Structure formats: C-alpha cells, structure tokens
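Colleague: Dumping the structure here so I can ask a few things about it.
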Amino acid sequence: MFDCGMHMGHHDSQRYPDFARILAAAPGAADFTSAISCLVITHFHLDHIGALPYFTEVCGYSGPVYMTYPTKALAPLMLEDYRKVMVDHRGEEEQYSYEDIQRCMKKVIPVDLKQTIQVDRDLVIRAYYAGHVLGAAMIYAKVGDATMVYTGDYNMTPDRHLGAAQIDRLKLDLLITESTYAKTVRDSKHAREREFLKAVHKCVAGGGKVLIPAFALGRAQELCILLDDYWERMNLKIPIYFSAGLTIQANMYYKMLIGWTSQKIKDSYTVHNPFDFKHVCHFERSFINDPGPCVLFATPGMISGGFSLEVFKRWAPSEKNLVTLPGYCVAGTIGHKLMSGKPTKIDLDKDTHVDVRCQIHQLSFSPHTDSKGIMDLTEFLSPNHVILVHGEKPQMAFLKDRIESELGMSCYYPANNETVSIPTAHNLKINATDKFISSCTTPQARDGLQAPNLICGDHLYGVNGELAEGILLMEKSRAPKILCEDELLQLLGTERHSVQFEPLLSSRIEEAQSAIVDDVASE
C-alpha cells in the first residue's frame, strides 16, 4: 500500500481513504495486516500521511510501515499540529490521540535512499530522492518479475533548499506518477522569485499586511530563505513572522538533516546555516490587530482551518492587505476558492461570511513538478505503462493524450474505486544440463564449463549461429530443466524410434496411381 493520506477539503468520513476496499480486494484476509504486505509512506504531507495513526491504531493494521529517516522525524510534528487544529480549535471529534501518534511512529521502519528492502519472499522495495520536501522519496517496487515506480510527490527542478529528484534508469512495467500540474509549464525560478518579492514589497511599502498560508515544513523554509536574503539586501525593518512554534522544531530538524538538502546549502553550511533566519521571528496572537505592515507565515496551507483561517478572516476585508498563495490548493479549501476567481465574499458556513477586499496573488512556488518534468521523468524511465494520480480529471486527460501520442506508452487515469489491470511479462528461469550447454558451445569452450548454469535471454544460439534446440522438462515440485533428446530417452527408460521417408521415382508414382484407379474400377 502506497501512502495513507487524508483529503484536506473534507471534514467528515470522506477525509480518510475507504479502507474497506483493502479487505474487499483480498477476500481471504481476516484483517488489514494479512491483506497487505506493507505500507510505504513517501513524505510527511498530510495528504500522504494524515490517516496513518487512524489506520494503525484505530483500524488495527500492525504490519511493517516504511518511510525515510527525515519523514519519520518530521511526521509526528505534522500529525500533532493537525490534530490540535481539528480538535482544540475547531472542536471536532478526535479521530486519533497524541498517544496514538506516538504508538504509530514506534511501528515505523526507517529506510535510507537506495537501500534495498526485502519485505517478504516476493516483494522488494527501494527509495529514491524525490525533492519536493525534506525526506520525500519515490518508491521502486518489484514483485516477482513485475516492476514499478510510485513517485509520490516530486520536483524535477532544484530550489533554494532541496535538490531535484534523482532515480536510476530502471526497466519498468508500470510508472504511477503524480499529475498535480499536468498542463502547467512554469516560468523560470528566478522570474517567479522576482514576482513574489515585488508583490510582497509593494504591499508592505503601502502599509499593508501580507498573509502567506503555508504548511510549516517545506515551502515555509524555501520562502523564508528567499525573504530573509531579500530583507538583508534591501535593509528592510518590517517584521517577518512565523505563526507556529512547530516551525522552530522543524528548522532544528532541517539543520540536523542537512544531507537531504540541496548541494548549495551543503556547500555553505559550514560557514552559515541558511535556516538560522535573521529577520524572521515568532508571532503572537495578540499581534493580529496591531497597526503597521508585516509579513506572516501561517499554518495550515490552503487556508483549510487553523490559524491561517483566523488571520484571513481579520485581514481579508482590507484593500491594503495581500494574501499570496504559494502553491496548489485542494478543492473545497478557502485557498482553492481564492485561486478559482476573485470572490468578494466567502461563506465559511451558513452563519459566517468573510468580505474579501484584499489583493489575491497566486504564485507557482509549489514543490510539485510541472508538465515538462512529468514528461521528462516518464521518457527517462520509459515504462511499458503509465498511471496518472494526484491530479484533476481534465488536466490528466490532456497529459494522457500527450504521453500516448508523444511517448507511445499506454496511459490511464483511473477515478477513485476504479480498477486498472496492467499486463506484465513473466520471465521463467530454467536449469540446463551440462550436455545441453556443451551442445551450444565451441569445442574450445567446453573444457571451461562447470556444473549446470542458468540460461538467460529470449534466444540461445548454437555453435554455427543456428537456434539451439532442446527439450523443456517440467515436473511437479521441481525446477524446469532443458536437456538434450537422448537425455530424455534415458530418463524415460525408452529407446529411440524413428520414421523414415524415402522419395519415389516418377515411374513408381505412375504405377501406384494406375493401381489405385484399377482398385476403384473393380469396386
């Protein structure tokens, strides 16, 4: 099972996956633990890990859970922050407790990049660097002869604090790739950074407040590095705030896990740790109504609840203020409504409305790869089949057509609860007898032959370049074996029988034909 996330746009039972489908797909399984071999988490974002404590502690899954070391370190912070927002601030029914999170994380098996894990007799997995956020991984899985890669979320271009995704050129039956930006080709990184800084500077210079809704891990660090550097160069004294103490813990982990960051940060780390922000300080709730300009990073991203929603309700009615959305927002969130147009009013519920007079600025600082990156990775890996996930239907349909027409690969974008069957080749390993191997080699090479070897490949050619011929013997409970004809006869305890044909002379043929005619006439 790949990932165990939640939908940020729902606040009812639809927020979690339909786990009952796991048991439906494994009729003989008594529980979730026996239904799946393992669970692999690609990174710490809630849409990939938010349901994990519920699945392990409430649903009872007790099998292996794999994730990278940084993900294991940072996931508890994200899960507890979300739990607090939902229970303490919104008063929702608790789905899992702080103790559930702690017990869940004790079951996690951390993995290194490119470490090969033999999950069971048939299943092998391996993690590759995905960029996106600290610790994010693409997962290679092999079951028997069937091979696949599940990308999770990834980025094909480096940014200020993370490198680009890296993976070996693998022979794959299937690639399952995210398609968040299936139709988008982004401008250059420097152009996007200039646009962001210009919008922020213009707002604060006019006395306005800037709200940047962001998850406390990932884009927050990327944009803080950018703003901290700009504030230093421009000698600005306007405060930049972080709303969550969570980010202080996060920055500590970023300092500890410097090996997972970009090469630029690794190179400069010995002189200056870029996560020691000079111009960024902690934000108190009492500051919300303070006069004067400021920049505030507030969690969660997408304005799906929590402190970012609280601040939005206070600041949105002012024309001087700015809400800048640095990444993708899921349908159903306030962020998505703001990105879908320029609403003048947003209904939070039937009794609560927010007048929106502030400026809305959408910037593509998303850690997801764009359409070009998806095509580049797909072409590089050259799988036999592609499945698109983590996207919106019209954009996925567009990308599917591109992959099939430009790359010549079968591509699918199944809806939730839809099943796709992918054909795979099955390679059979066959033992060969010494005599058969000798018949396929030159006399000089025969002396170097040792005990039976495995013959690999689609075709085996003999000494004269002709296709080698043998007999495939398949016995119950024994490995298949290829052997010579006389070896089979000896094994069966029988003698060779042959049928011999001789050519007839034309005179003999005429005699035979007239004899047949005479026989027919006499009848």
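The values are calculated or read from the model by the stated rules, or taken from the named source; none is laboratory data. Only a predicted model underlies this, so the values are computations on that prediction, with no experimental measurement involved. As a convention, Cβ positions derive from the backbone with ideal geometry for all residues, glycine included, and neighbour counts pool all protein chains shown. All accessible areas refer to the heavy atoms of the entire protein, side chains included, with ligands and DNA or RNA removed. Shrake-Rupley method; radii C 1.70, N 1.55, O 1.52, S 1.80 Å.
Colleague: Among Leu23, Leu74, which is the only one that is in a helix (DSSP H, G or I) and either modelled with pLDDT of 95 or more or under 21 Å from the mean Cα position of the chain (by Cα) (or both)?
Modeller: Among Leu23, Leu74, only Leu74 is in a helix (DSSP H, G or I) and either modelled with pLDDT of 95 or more or under 21 Å from the mean Cα position of the chain (by Cα) (or both).
Colleague: Quick check on this structure: which one of Asp351, Asp370 is open to solvent by 10 Å² or more (accessible area, probe 1.4 Å) and at pLDDT 85 or above?
Modeller: Only one candidate qualifies: Asp370.
Colleague: Still on this structure: Here is a check on your reading of the model: is Leu322 touching a Pro at 6+ places or on another chain (Cβ under 6 Å) and closer than 22 Å to His201 by Cβ?
Modeller: Spelling it out, it is not the case that Leu322 is touching a Pro at 6+ places or on another chain (Cβ under 6 Å) and closer than 22 Å to His201 by Cβ.
Colleague: Kindly check whether there is at least one residue in the range 91-99 that is loosely packed, with under 15 Cβ neighbours inside 10 Å and either on the phi > 0 side of the Ramachandran plot or touching a Phe, Trp or Tyr at 6+ places or on another chain (Cβ under 9 Å) (or both).
Modeller: yes
Colleague: Here is a follow-up. For the structure I just gave you, tell me whether Asp267 is surrounded by fewer than 20 Cβ atoms within 10 Å (Cβ to Cβ), touching a Lys or Arg at 6+ places or on another chain (Cβ under 9 Å), among the charged types (D, E, K, R) and without any contact (Cβ under 8 Å) to a residue 24 or more places away in the chain.
Modeller: Working: surrounded by fewer than 20 Cβ atoms within 10 Å (Cβ to Cβ): yes; touching a Lys or Arg at 6+ places or on another chain (Cβ under 9 Å): no; among the charged types (D, E, K, R): yes; without any contact (Cβ under 8 Å) to a residue 24 or more places away in the chain: yes.
Against the criterion (surrounded by fewer than 20 Cβ atoms within 10 Å (Cβ to Cβ), touching a Lys or Arg at 6+ places or on another chain (Cβ under 9 Å), among the charged types (D, E, K, R) and without any contact (Cβ under 8 Å) to a residue 24 or more places away in the chain), Asp267 does not qualify.
Colleague: So Tyr328 clears everything in (1) closer than 30 Å to Thr151 by Cβ; (2) in contact with a strand residue (DSSP E or B) (Cβ under 8 Å, 6 or more places away or on another chain); (3) hydroxyl-bearing (Ser, Thr, Tyr) except one condition, right? Which one?
Modeller: That leaves (2) as the condition not met.
Colleague: Restricting attention to the range 417-434, and to residues there that are under 20 Å from the mean Cα position of the chain (by Cα) and in contact (Cβ under 8 Å) with a residue 40 or more places away in the chain, which single residue is most open to solvent (accessible area, probe 1.4 Å)? Walk me through how you get there before you give the answer.
Modeller: Taking the range 417-434 and keeping what is under 20 Å from the mean Cα position of the chain (by Cα), we get 417-422.
From what is left, the residues that are in contact (Cβ under 8 Å) with a residue 40 or more places away in the chain are 417, 422.
Details: Asn417: 99, Ile422: 43 Å².
Per the stated criteria, the residue is Asn417.
Colleague: Continuing with the same structure: May I ask you to list the residues in the range 229-240 that are open to solvent by 20 Å² or more (accessible area, probe 1.4 Å) and either among the polar types (S, T, N, Q) or over 26 Å from Ser304 (Cα atoms) (or both)?
Modeller: Asp229, Tyr230, Glu232, Arg233, Met234, Asn235, Leu236, Lys237, Ile238
Colleague: Next question, about the same structure. When Lys142 is evaluated against the numbered criteria (1) open to solvent by less than 50 Å² (accessible area, probe 1.4 Å); (2) part of a strand (DSSP E or B); (3) in contact with a Lys or Arg (Cβ under 9 Å, 6 or more places away or on another chain); (4) not polar (S, T, N, Q), which criterion, by number, is the only one it fails?
Modeller: (1)
Colleague: Could you please find all residues in the range 303-333 being at pLDDT below 90, closer than 15 Å to His361 by Cβ and of a type in the set (A, V, I, L, M)?
Modeller: Within the range 303-333, Ile303, Leu325 meet the criteria.
Colleague: Run Gly28 past the list (1) within 20 Å of the chain's Cα centre (by Cα); (2) without any contact (Cβ under 8 Å) to a residue 24 or more places away in the chain and report the number of the one that doesn't hold.
Modeller: All conditions pass for Gly28, except number (1).
Colleague: Going through Tyr61, Tyr54 one at a time, which residue ends up being of a type in the set (Phe, Trp, Tyr) and without any contact (Cβ under 8 Å) to a residue 40 or more places away in the chain?
Modeller: Sole residue among the options that is of a type in the set (Phe, Trp, Tyr) and without any contact (Cβ under 8 Å) to a residue 40 or more places away in the chain: Tyr61.
Colleague: Among the residues of the range 9-61, write down those that are under 30 Å from Thr299 (Cβ atoms) and among the basic types (Lys, Arg).
Modeller: Arg15, the sole residue that qualifies.
Colleague: When only residues in the range 173-186 that are open to solvent by less than 10 Å² (accessible area, probe 1.4 Å) and among the polar types (S, T, N, Q) count, which is farthest from Leu363 (Cα to Cα)?
Modeller: The extreme case among them is Thr177.
Colleague: Restricting attention to the range 145-172, and to residues there that are of a type in the set (D, E, K, R) and surrounded by fewer than 18 Cβ atoms within 10 Å (Cβ to Cβ), which single residue is farthest from the chain's Cα centre (by Cα)?
Modeller: Asp145
Colleague: Among the residues of the range 212-226, which ones are surrounded by fewer than 24 Cβ atoms within 10 Å (Cβ to Cβ) and at pLDDT 90 or above?
Modeller: Leu226, the sole residue that qualifies.
Conditions tested, residue by residue: (1) β-branched (Val, Ile, Thr); (2) open to solvent by 30 Å² or more (accessible area, probe 1.4 Å).
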| site | (1), (2) |
| --- | --- |
| Gly28 | no, yes |
| Thr42 | yes, no |
| Leu46 | no, no |
| Cys59 | no, yes |
| Ser62 | no, yes |
| Pro70 | no, no |
| Leu77 | no, no |
| Asp81 | no, yes |
| Val87 | yes, yes |
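Colleague: If you scan the range 48-57, which residues turn out to be assigned to a helix (DSSP H, G or I) and open to solvent by less than 40 Å² (accessible area, probe 1.4 Å)?
Modeller: Those that are assigned to a helix (DSSP H, G or I) and open to solvent by less than 40 Å² (accessible area, probe 1.4 Å): His48, Ile49, Leu52, Pro53, Phe55, Thr56.
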